[in-house]
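For reference, the structure discussed in these notes is given below.
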Amino acid sequence: MLEGTYEDLLQGIPNRESSILDDTQIDKDRENFDKIKAYYRSCMDEDTINGLGPTPIYPELAQLLSKLGYNQDFVDSRFTSDHVRQFTETLIHLGTQGVENLISYGVGADDQSPDDNVILLEQPSLGLPSREYYEQPEVIADYRAGLTPLITAVLGEPKGNTAADNLRRDKMREHNLTMLSDLQNPIDLYNPMSIAELHQNYPIVDWLQLLRHFTPSETSLPDRVIVSTPRFLKELTDWLFNSAARDDGATTQSMREFFIVKTILANVGNVDKDTREIYRNMNSKIASGTTAPPQRARVCVSATSNTFGQLLGRYFVLKHFGGEVQREQVASFINNIQSTWSERLEQVDWLDAETRVKAIEKVGKINHKEAYSVVTPDVRSADSLANYYADINIDVRNFYGNQKSALLWDIKKSWSQIGQKVDKSVWHMDPHEVNAYYSPVFNEIVIPAGILQSPFYHSELPNYLNYGGIGAVIGHEFTHAFDNSGRLYDGDGKLNTWWSDATSQAFEARSQCFIDQYNSFSIQGPNKTSHNVNGKMTLGENLADNGGVHVALAAMRKSLQENPEQNTILPRLDGLSPEQLFFINFGRVWCSNMRPEMAVQRIRGDVHSPAKVRVNAAVQNSPDFAEAFKCVKKDQDMNPANKCSIW
């Protein structure tokens, strides 16, 4: 699509009369298309990008060094309270440039007051895919070896044991700082503090200056923030302020070099091919296992999607989705699964009466959004989208600058929410994404048009296939409202203890069955190594998979009773029942093929189980599967005698 013109796009729209295209907005639509096309062309202009080398990063590095007070007279020293002002100004600079640093801060809904926005302080992500990689000496060696040519490509050849060696050493410090927390319980992550308490507990930063900088000038600074991992901030404070007593303590030089590395890594994907390849080769050797660079067109489509997701999503919807009519059909489909979930809660025997009433009430309050946003922005309106992206400036000859323009727009948009009520109409996914999500604080599910495609869904397919595909996905998202973390939020999205102690204990006992079951599954990594699924880390997704397929099947049966014509078996499938075809499509939608290295990376850091496990474990727990495929003998691989069940 991005290789063609707007006219090419128009000619490819099927059933134009039923689409969301408004002929009165074609001129604005063309203008929007030309904007994302210019962005895409800037990404594809490798002659210009390669000609610049890594130089687009230099102004940002110069600004960073200026904030750090780096000059020829610089003397290295241990970090002390005298460096707090400089450290704060550096964090402000990095934050305005979108460079992740030692502290992550942003804006989101308050878990205990979900209509209000609040500032969130969190620990940053790891440099490596997961903490297990830091425990392998060969990976650390590859990481260190990979950083040297990358730093050299950007900064030049080091002289002696200076920048490159220290940068490699202190990049490893991330491991010690960010390994500390492996929390998944949202109650443990909710730690409100005043700014005065931040100063008292973690005096490494001038918190008032930092947060005031990002809060809009016309808005009062909130009287509290939410700290997700106090232990991390305490360890960071100890590392900085007690550095003289620690062999691995921070020095002003090591901090400078750490921030330089962070700046390089944040921008390396936007510079020349040679520099990008150094980074890709390092990452490939450590984790991904890829040998060939990705096609540039694919990279640029992905970049365009990341920058103009709602706008690109409009053109996807025009070509691949049936407009408002189909959106209403999908809404009706979701309503059936939602009502089936409520009916299922009436049958769950381990819920006490009071918790059951509140659970049914919560299901009834779950809002669902399907296909595309109709408010902020309205994907149906070219004018709405133009206004939404108006502040992103695009230069067809400056890809690096375009990326920065989009990044700064996103940062400004996020921080503008401080002092405002939460806008619950906003989508946190784009229309063309093949994905879906449940938000516990919004108590809503979102099903984009991208996943409302075959094999998940097609309006002309029999419902037993649609329920085995998108039905199980929708059921999965509804089940997240009652997984190990979603269950801690009430029907209004408030983090709240609303389960009785007895019911909570019953839930935990049944959850342990799933943890043990999934712990027993493994995948094969490089050199035929075996790696087990982490049943605790993947618990929430596993519960959602199991609950999703169960409720989707029940909803399918209800649909077939109400609409017998949907029992029609497709040609050449007359030897299979609707239930069998339901399970077959459930397995089909998760078909995938993955390199062993990537499979290991996923199993270590992804909260989802591997695709094969997601399917097989869920149907092993399903008596309906055993009945549909006549698995009469117990303790068969796909029909174990002991099945796990919650919902």
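Here are the numbers:
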read-out	value
Proximal aspartates and glutamates relative to residue 412, as straight alpha-carbon distance under 12 Å, when same-chain residues fewer than 8 apart are discounted	391
Cut-off under 5 Å, modelled amide H: who pairs with residue 371 long-range	447, 449
Loop GluC sites (Glu not before Pro), the range 437-526 (other Cβ atoms within 10 Å of the site Cβ: 16 or fewer; DSSP)	460
Rounded FRET efficiency, nearest 0.05, which uses the C-beta distance separating residue 410 from residue 634 and R0 of 51 Å	0.40
Reach of residue 358 by Cα under 18 Å, taken over aspartates and glutamates that are not fewer than 8 positions away in the same chain	343, 346, 349, 444, 483, 490, 492, 501
Options 350, 417, 65, ranked by Cα towards positive dipole end of the chain, top entry (Cβ charges)	65
Pairwise label distance in nanometres, residue 393 with residue 519, each label 7 Å out on the Cα-Cβ vector	5.8 nm
For the range 381-439 and the range 36-65, distance of Cα centres in Å	21 Å
Given charges at beta-carbon only (K, R positive; D, E negative), |dipole| of the range 413-530 in Debye	200 debye
For a label point 7 Å along the Cα-to-beta-carbon line of residue 63, residues of the range 255-289 with backbone N under 14 Å	263-264, 267
Stretchable slack from residue 8 to residue 356, in nm (0.36 nm times residue separation minus alpha-carbon distance)	119.9 nm
Debye log10 I(q)/I(0) at q = 0.12, 0.15, 0.21, 0.27 Å⁻¹ for the range 505-587, Cα point scatterers	-0.58, -0.76, -0.97, -1.26
3J(HN,Hα) from dihedral phi, the range 472-480, Karplus parametrisation 6.51/-1.76/1.60, rounded to Hz, x for glycine, proline	5, 5, 5, x, 4, 5, 4, 5, 4
Residue 525 long-range amide H proximity, modeled H, under 5 Å	530, 531
Nearest-20 debye value, the chain charge dipole, Cβ charges on Lys, Arg, Asp, Glu	1180 debye
Cα gyration tensor shape of the range 571-647, rounded if a/c is under 1.5, else prolate or oblate by comparing a/b with b/c	oblate
Calculated log₁₀ intensity ratio I(q)/I(0) where the Debye formula runs over C-alpha points of the chain, q = 0.06, 0.09 Å⁻¹	-0.38, -0.88
Backbone HN-Hα couplings from phi across the range 616-631 [Karplus 6.51/-1.76/1.60, Hz, Gly and Pro as x]	5, 5, 5, 7, 4, 7, 9, x, 5, 5, 4, 5, 4, 9, 6, 7
Positive-end extreme of charge dipole, the chain - chosen from 237, 499, 299 (charges on Cβ)	299
Gain in span if fully extended, residue 212 to residue 536, counting 0.36 nm per residue against the direct Cα distance	112.7 nm
Residue 265 versus residue 86: modelled label distance in nm, points set 7 Å from Cα along the beta carbon direction	2.3 nm
Cysteines (scope the chain) whose Cβ has no counterpart Cys Cβ under 4.7 Å	591, 631
Ellipticity estimate at 222 nm from DSSP helix runs (n ≥ 4, -39,500 (n - 2.57)) divided over the chain, nearest 500	-15500 deg cm²/dmol
Estimated vicinal HN-Hα couplings, Hz - the range 352-357 in sequence order (Karplus 6.51, -1.76, 1.60; Gly, Pro = x)	6, 4, 5, 5, 4, 4
Exceeding the 32 Å Cα-Cα cut-off - candidates 234/285; 319/424; 365/404; 28/262	234/285; 365/404; 28/262
Beta bridges by DSSP in the chain, antiparallel share as percent, to the nearest 5	70 percent
All lysines inside 17 Å of residue 558 as judged from Cα atoms, apart from same-chain residues fewer than 8 positions distant	none
Taking 521, 456 and counting other C-beta atoms within 10 Å, the order from fewest to most	521, 456
Simple label model, 7 Å out from Cα along Cβ direction - residue 574 to residue 290, nm	4.8 nm
Potential extension, residue 96-residue 376 segment - 0.36 nm per residue separation minus Cα distance	98.4 nm
Ascending count of other beta-carbon atoms within 10 Å, so fewest first, for 119, 337	119, 337
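Bear in mind that the values in this text are calculations on the coordinates, not laboratory data. Bear in mind that the values here come from a model prediction, so they are computed numbers and not experimental data. Note that each Cβ is placed from the backbone with ideal geometry, even for glycine, and that neighbours are counted across all protein chains shown.
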